[in-house]
Amino acid sequence: MNESVAWFNHTLKGESFNLPRVKYYVFFKKDWKSSSTWPPPGGVTDTLYLSEDNLVQAVKDTVSSSAFIYDPKDPVPTWGGGNFHFLMDIMGIKEQSKIESRADVLTFTSSKYKKSVTYAGPISLELYYKTEGKATDFTAKLTLVDDLGQSWNISEGIIRIPKTTHNISKTTITLNDVAFEVRKGWRLRIQVSSSNFPKFNRNPNTGIDPMDATTFISVKQTIYHGKKYPSHVKLYEVSE
């Protein structure tokens, strides 16, 4: 409240305003932090590579792949995240087991963290993929897996591929910036799929604009990983 008053006094009355330029909340640490920049200065980029069902720190020499069938007639439902006000009952942080049990959701999970780590800043997922669709979407969701094995959504993103080649291609999904702590003994997980409905409209895979589409087809989606196709997630680790 005091910060709101100070901001209004600065904006409307011209009073001095000496609050920090950036103030952010660290999820799962339940703490507010201040910074002169975003992301906070002095951090380092952590890279975790997709490898079959895992997230690993060193890319594997061999090439492997993971696949699923994306059926726009049965899209992955929106469950958690930052949503519009008319999706109030499915917004926020939600336990993800019912989403991760679907056959059209791939999961890649890190090993348990040996110490607590704080991330604050941008998150991106680079994917090497092949699709049977003439156009398609790929979605990503970052989750925290606690010591009970429960998976909690932290950030998400989507990329629309307007025209495909049916060859192995590369794309980058930008997830929402966020600050959170991975506690000792917890793990990180990436979900990869092709829908998050109704937050995002379904791609029919036909090359027709989703708003005009009347035909929806199922397609096979393949994600590649390994040294030749180093699919990976990047996060920004900060010192606390």
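Readers should treat all values here as calculations from the given coordinates under stated rules, not as data from a laboratory. Keep in mind the model is a prediction, meaning the values are calculated, not measured. Glycine gets a Cβ as well: all are built from the backbone with ideal geometry, and neighbour counts include every protein chain shown.
General observations
- Placing +1 on each Lys and Arg Cβ and -1 on each Asp and Glu Cβ, with no other charges, gives the chain a dipole about its Cα centre of roughly 380 debye.
- Measuring max minus min along each principal axis, the C-alpha atoms of the range 108-202 give extents of 44, 27, 24 Å (largest first).
- In this structure, R21 and M211 have a Cβ-Cβ separation that, at R0 = 35 Å, corresponds to a calculated FRET efficiency of about 0.30.
- Available extension along the chain between Q57 and S4 is 14.9 nm, counting 0.36 nm per residue and deducting the alpha carbon span.
- Under the combined filter of DSSP loop state and at most 10 neighbouring Cβ atoms within 10 Å, the range 41-114 retains these trypsin sites (Lys or Arg not before Pro): K73, K114.
- Label sites at T165 and M88, each approximated as a point 7 angstrom past Cα along Cα to Cβ, lie 4.8 nm apart.
- Mean separation of Cα contacts under 8 Å (6+ apart) over length of the chain, as relative contact order %: 30
- Gain on full extension, evaluated as 0.36 nm per residue between Q150 and S34 minus their Cα-Cα distance, stands at 38.8 nm.
- For the peptides 216-229, 162-175, residues were scored by their other Cβ atoms within 10 Å and the scores averaged per peptide; the highest-first order is 216-229, 162-175.
- For the chain, the Kirkwood radius over C-alpha pairs fed into Stokes-Einstein at 25 °C and 0.890 mPa s yields D = 127 µm² per second.
- The chymotrypsin sites (Phe, Trp or Tyr not before Pro) of the range 63-164 meeting both criteria, a DSSP state outside H, G, I, E and B (loop) and at most 11 other C-beta atoms within 10 angstrom of the site's C-beta, are F84.
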